[in-house]
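Accompanying notes for the structure given below.
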Ligand code: GRF
């Protein structure tokens, strides 16, 4: 990555679990390759490992308990309004969903249109949703992978920024495949953020074009 001339993009990372993608982003920042800083990490889960990783990095870590919002008809929107407040307070430029196990509503999507990304462990549009490594194996796919995409209201549906392909091997289990896909996730998420930081991503309908080259295919990354 060559981001010396790009300004630091302030990242708001939403996590629900162990946070290995967050760690890959932190590592890329600390390795000085990624022109971004962690403005805040927010979780809906008090015990999310991602919160600990944020603290270790010296970044603000916020647990926002969904319980007080439950039971009202607009509970998801009300929760997202509270999330938005945190993101705005920390002057977040780009929101990253990194293992965030909550569906985001129009409240966040419209506030961060084309400024919110997600990482998903399949080659979208194949296998949106959950347990996707298992589904790809059971379907008999020969290749799977991962996708970074901008977030729209449809789950796992937004314009694709980068994908990496991962072969499915004879004898793969959901766990072994997930492990190899995860290695690629850790490569492509920081790369997508860097492209954003350099102002190179332009969304044209469903398509994300890397602006300087006009080559949508630069978003394809074979495993090295
Ligand atoms: C990753 O596989 C990601 O693609 C999916 O959830 C998992 C999160 O892992 N959305 P981690 O918390 O980043 O380790």
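Annotations
- Scoring residue 123 on the criteria (1) within 15 Å of the ligand (Cβ to nearest atom); (2) under 23 Å from residue 25 (Cα atoms); (3) loosely packed, with under 15 Cβ neighbours inside 10 Å leaves a single failure, condition (3).
- Condition met for residue 189 (within 13 Å of the ligand (Cβ to nearest atom) and in a loop (DSSP other than H, G, I, E, B)): no
- Region 132-143: number of residues that are under 19 Å from residue 97 (Cα atoms) and more than 11 Å from the ligand (Cβ to nearest atom): 0
- Residue that is surrounded by the fewest Cβ atoms within 10 Å (Cβ to Cβ) [pool: residues in region 138-157 that are in contact with a strand residue (DSSP E or B) (Cβ under 8 Å, 6 or more places away or on another chain) and not in a loop (DSSP other than H, G, I, E, B)]: 143
- Within region 186-214, tally of residues that are touching a residue at least 12 places away in the same chain (Cβ under 8 Å) and touching a helix residue (DSSP H, G or I) at 6+ places or on another chain (Cβ under 6 Å): 6
- The listed residues are 48, 78, 98, 61, and the only one of them that is more than 26 Å from residue 147 (Cβ to Cβ), within 16 Å of the ligand (Cβ to nearest atom) and buried (at least 16 other Cβ atoms within 10 Å of the Cβ) turns out to be 61.
- Among the residues making up region 158-182, those that are surrounded by fewer than 15 Cβ atoms within 10 Å (Cβ to Cβ) and out of contact with any strand residue (DSSP E or B) (no Cβ under 7 Å at 6 or more places or on another chain) are 169, 170, 171, 173, 175, 176, 179.
- Any hit, region 54-68, residues being over 22 Å from residue 158 (Cβ atoms), at pLDDT 95 or above and within 16 Å of the chain's Cα centre (by Cα): yes
- Tabulated pairs, region 94-110, first at positive phi, second surrounded by fewer than 23 Cβ atoms within 10 Å (Cβ to Cβ), C-beta under 6 angstrom, 6+ apart or interchain: 99/16; 99/17
- Hey, residue 162 touching a residue at least 12 places away in the same chain (Cβ under 8 Å), under 24 Å from residue 12 (Cα atoms), in contact with a helix residue (DSSP H, G or I) (Cβ under 6 Å, 6 or more places away or on another chain) and within 13 Å of the ligand (Cβ to nearest atom) or not: yes
- Leading residue by the ranking (farthest from the ligand (Cβ to nearest atom)) among those in region 1-35 that are modelled with pLDDT under 95 and in contact with a helix residue (DSSP H, G or I) (Cβ under 7 Å, 6 or more places away or on another chain): 6
- Residue in region 36-51 that is modelled with pLDDT of 95 or more, farther than 25 Å from residue 121 by Cα and assigned to a loop (DSSP other than H, G, I, E, B) present: no
The values are calculated or read from the model by the stated rules, or taken from the named source; none is laboratory data. Computed from a predicted structure; not experimentally measured. When we count neighbours, we look across all protein chains shown, and the Cβ atoms used for this are built from the backbone with ideal geometry, even at glycine.
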